[in-house]
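The values are calculated or read from the model by the stated rules, or taken from the named source; none is laboratory data. Predicted model only: the values in this text are computed from it and were never measured. We place every Cβ from the backbone using ideal geometry, glycine too, and count neighbours over all the protein chains shown. Ligands, DNA and RNA are stripped out before the accessible areas are found, and what is left, the full protein with its side chains, is counted by its heavy atoms. Shrake-Rupley method; radii C 1.70, N 1.55, O 1.52, S 1.80 Å.
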Amino acid sequence: MKRQLKILLAGSIDVGMGIVWYGLTRDRGAWPLVVAASPAAPASAPAVPVTVGRAETRDVPIWLSGIGSVQPLNAVTVKVRVDGQLDRVAFTEGEDVHKGDVLAQIDPRSFRAQLKQAQANKAKDEAQLANARLDLERSTRLEARGVASKQNLDTQRAQVAALEAAIEADQAAIEMAQLQLEFSTITAPLSGRTGLRLVDPGTVVHASDANGLVTITQMQPLAVLFTVSQDELPDVLAAMARGDPVAVAYSRGEERALATGRLVFVDSQVDQGTGHLKLKALFDNSDRALWPGEFVDARVQVAIVKAATTVPAKAIERGQDGTYVFRIKPDDTVEICPVTVGHVGEGTAIIAHGLAPDDRIVVDGQYRLQSGARVALREATAVSGS
């Protein structure tokens, strides 16, 4: 009896397993139990939010940039030219002065005395010359009548010539004394801004002193001396040949424009140590936006590309096969679009090949994209750089 029950139980298990196997191999639509146990179908991926821009056609200026420093066209350390006591200083540190303004005064009394002495010597010699000429005239008449000797006449002529030479020396002494007197009044040799006073009133100064009285720096116009790579030399020379290229000086980091001027000088040699070329730009600086010795970022415009296809520079991606952008198709999915970049600057990239004007591209949010991905679009507030 027990043996029959075991056989019946085994047969029941086999029948049950067969039913399950049959259900798994049949159409799932006829077996609701099996359908409920299967995993759910995956949902479609959500759209990736991105910022969209468009390829534009416009004229693009080409700029070269370099770090430079502001240089005055003239900076003069004013020194005394005669010895004496400094009576007074007539300028204030840091003020603007004009050419010819009085800066200081050295005690002029000794120089006035020297001038008077030279004038007196000349007057004395002129009186002697007048008398010598009268003597010569008399000796000439007497010699003509045979009364005076030839030797005496020659002596009179030599005396007149000596006195004439002495008067010329006296005149030179007078001019030197006048010049020394003028030098006792120290004037500004150029217009500009004064620096720190280097000598105090009451000091005895000498023409041989190493230190001067004050340094005057010309404030306008000013120059900016900066460097660019030697590879940019052909573009710079071409721009110079067309006229004085526009130059702009910026604060460090190009945060704000300080002044606009023009490029006036290209150095005759490339620095072999750095491979860079020195350029000089001139700025009017009427508003004193530039200051001598200041470090600035300088840029010079060397060309303008007409009707260029442009995109924001941040839209450009780089891969193993070169540069590309994500172009947005009409169904709001993206595709990888290889592009050839001609120039990048001012936040704008010029596209030589690969895009057509008005093509929609992804400007921001590319890091989550792959070809074929669906995107949710938001317009860029500023598509291209200035």
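Laid out as a table, the results:
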{"quantity": "Gyration tensor verdict on the stretch 76-167 (Cα atoms; rounded if a/c is under 1.5, prolate if a/b is larger than b/c, oblate otherwise)", "calculated": "prolate"}
{"quantity": "Residue-by-residue Karplus 3J(HN,Hα) for the stretch 243-249, coefficients 6.51, -1.76, 1.60, Hz, glycine and proline x", "calculated": "x, 6, x, 6, 10, 10, 9"}
{"quantity": "Estimated 222 nm signal from helices in the chain, with DSSP H stretches of n ≥ 4 weighted -39500 (n - 2.57), rounded to 500", "calculated": "-10000 deg cm²/dmol"}
{"quantity": "Lysines with Cα under 18 Å of Lys116, excluding same-chain neighbours fewer than 8 positions away", "calculated": "Lys124"}
{"quantity": "Cα gyration tensor category, rounded, prolate or oblate, for the stretch 274-323 with a/c compared to 1.5", "calculated": "prolate"}
{"quantity": "Karplus 3J(HN,Hα) series, Hz, for the stretch 312-322 with 6.51 cos²θ - 1.76 cosθ + 1.60 (x for Gly, Pro)", "calculated": "x, 4, 6, 7, 6, 10, 10, x, 5, 9, x"}
{"quantity": "Principal-axis tilt of helix 150-183 within the chain, Cα atoms, nearest 10 degrees", "calculated": "40"}
{"quantity": "Whole-angstrom Cα spans of the stretch 156-251 along principal axes, big to small", "calculated": "80, 44, 21"}
{"quantity": "Global form of the stretch 236-332, assessed from the alpha-carbon gyration tensor, a/c cut-off 1.5", "calculated": "prolate"}
{"quantity": "In Å², nearest 10: area of Ser208 left accessible to a 1.4 Å probe", "calculated": "100"}
{"quantity": "Percent RCO, i.e. relative contact order, over the stretch 75-116, from Cα pairs under 8 Å lying at least 6 residues apart", "calculated": "41"}
{"quantity": "With Cα atoms, 0 to 90° folded angle of helix 109-144 axis to the chain main axis", "calculated": "40"}
{"quantity": "The chain, relative contact order [Cα under 8 Å, separation at least 6], %", "calculated": "26"}
{"quantity": "Structure-derived Cα extents along the principal axes in Å: which label, when the choices are [x] 76, 50, 40; [y] 68, 44, 42; [z] 194, 47, 36", "calculated": "[z]"}
{"quantity": "Accessible area of Met240 in the full protein assembly, 1.4 Å probe (Å², nearest 10)", "calculated": "60"}
{"quantity": "GluC sites (Glu not before Pro) within the stretch 250-308: DSSP coil, no more than 15 neighbouring Cβ in 10 Å", "calculated": "Glu254, Glu255"}
{"quantity": "The chain: angle of helix 2-25 to the longest principal axis, Cα-based, in degrees nearest 10", "calculated": "50"}
